[in-house]
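Enquirer: Got a structure for you, written out below as structure tokens; questions coming shortly.
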Amino acid sequence: MTMIIRPIEVEDAEKILKLNKRIDASGFMLHEPGERKTTACQQKEAIEKITLEERSVFFVAEADGHLTGFIAAFGGKLKRNKHSAYLALGVHDGFYGQGIATSLITKVFEWADDTDISRLELTVIKDNEKAIKLYQKMGFQIEGEKVHSLMIDGQPANEYYMYKLV
């Protein structure tokens, strides 16, 4: 299997929708399994929008014509926060443990350096121990805890705020 990391393209709209639905099923993303109702047309518009933003980026991992993961960085738009970007990361469960998340994060580190972004931040569900360990391995630190920030299966769940200065 040959994996490449590349910027998302409008033509990836249906593939990224399919991947997102699979990743949502993990229970560790913001969308509940089956909750995402984005159409291919809406997804194309979203891809076009992010590719036009100067301080945001969306990379995908692709293997043998299939998308296996993604990372999006949404940069600040104001003078006071344009040095920072919020990250969203997801990997297809059939490809866990193959270094895809590490490669995607590394690619964002390179992008951040080229874009003069000095702070990367994210949130992660407190129970997602594998993701927390990955982020810590990549140099992210827990900054705080969002208490009862989500309701999962009718129960309150907490998230960690994590950050990395680059």
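The values are calculated or read from the model by the stated rules, or taken from the named source; none is laboratory data. Keep in mind the model is a prediction, meaning the values are calculated, not measured. Counting neighbours? That spans all protein chains shown, and the Cβs are built from the backbone with ideal geometry, glycine included. Surface accessibility is based on the protein's heavy atoms, side chains included, excluding ligands, DNA and RNA. Shrake-Rupley method; radii C 1.70, N 1.55, O 1.52, S 1.80 Å.
Enquirer: Lysines within cross-link reach of Lys18: Cα-Cα under 17 Å, excluding same-chain residues under 8 positions apart?
Expert: The qualifying lysines are Lys37, Lys44.
Enquirer: While we're here: When each pair of different Cα atoms in the chain is counted once in the 1/r mean, what is the Kirkwood radius in angstroms, to one decimal? Don't skip to the answer; put the middle values down first.
Expert: On the way: mean 1/r = 0.0608 Å⁻¹.
Here the Kirkwood hydrodynamic radius works out to 16.4 Å.
Enquirer: Moving on. Could you pull out the pairs from Lys49/Lys82; Lys107/Lys133; Lys82/Lys133; Lys21/Lys77 whose alpha carbons sit more than 23 Å apart here?
Expert: Values: Lys49/Lys82 18 Å; Lys107/Lys133 19 Å; Lys82/Lys133 27 Å; Lys21/Lys77 29 Å.
Pairs exceeding 23 Å: Lys82/Lys133; Lys21/Lys77.
Enquirer: Then there is this: Looking at segment 8-55 from every direction and averaging, what is the projected area of its Cα convex hull in nm²?
Expert: Numbers: hull surface 14.3 nm².
Computing the convex hull of the Cα atoms and averaging its projections yields 3.6 nm².
Enquirer: Alpha carbon centre of segment 1-29 versus segment 94-166: separation in Å?
Expert: Taking the Cα centre of segment 94-166 as reference, the centre of segment 1-29 is 17 Å away.
Enquirer: Once the whole set of protein chains is in place, how much accessible area is left on His148, using a 1.4 Å probe, in Å² to the nearest 10?
Expert: The accessible area of His148 comes to roughly 120 Å².
Enquirer: Taking loop as defined by DSSP and a crowding limit of 14 other beta carbons within 10 Å, which GluC sites (Glu not before Pro) in segment 39-80 fit? Don't jump to the answer; show the numbers that get you there.
Expert: On the way: sites: Glu45, Glu48, Glu53, Glu54, Glu62; in loops: Glu53, Glu54.
Qualifying residues, ordered by number: Glu53, Glu54.
Enquirer: To continue, here is another question. Starting from the Cα of Ala157, step 7 Å toward the Cβ, then list every residue of segment 117-133 with an amide N under 18 Å from that point.
Expert: Label zone hits: 122-133.
Enquirer: Okay, moving on. If Arg80, Arg119 are ordered by their accessible area, calculated over protein heavy atoms with a 1.4 Å probe, which sequence runs from highest to lowest? Intermediate values should be presented prior to the final figure.
Expert: Numbers: Arg80 215, Arg119 45 Å².
Highest to lowest solvent-accessible surface, that is Arg80, Arg119.
Enquirer: Could you report the accessible area of Leu165 in Å², rounded to 10, computed with a 1.4 Å probe on the protein chains as they sit in the structure?
Expert: 120 Å²
Enquirer: Next question, about the same structure. Using only protein heavy atoms and a 1.4 Å probe, report how much of Glu35 is accessible, in Å² to the nearest 10.
Expert: We get 90 Å² for Glu35.
Enquirer: To continue, here is another question. Each label point is 7 Å from the Cα along the Cα-to-Cβ direction; what then is the distance between the points at Arg80 and Lys130, in nm?
Expert: For Arg80 paired with Lys130, the spin-label model returns 3.9 nm.
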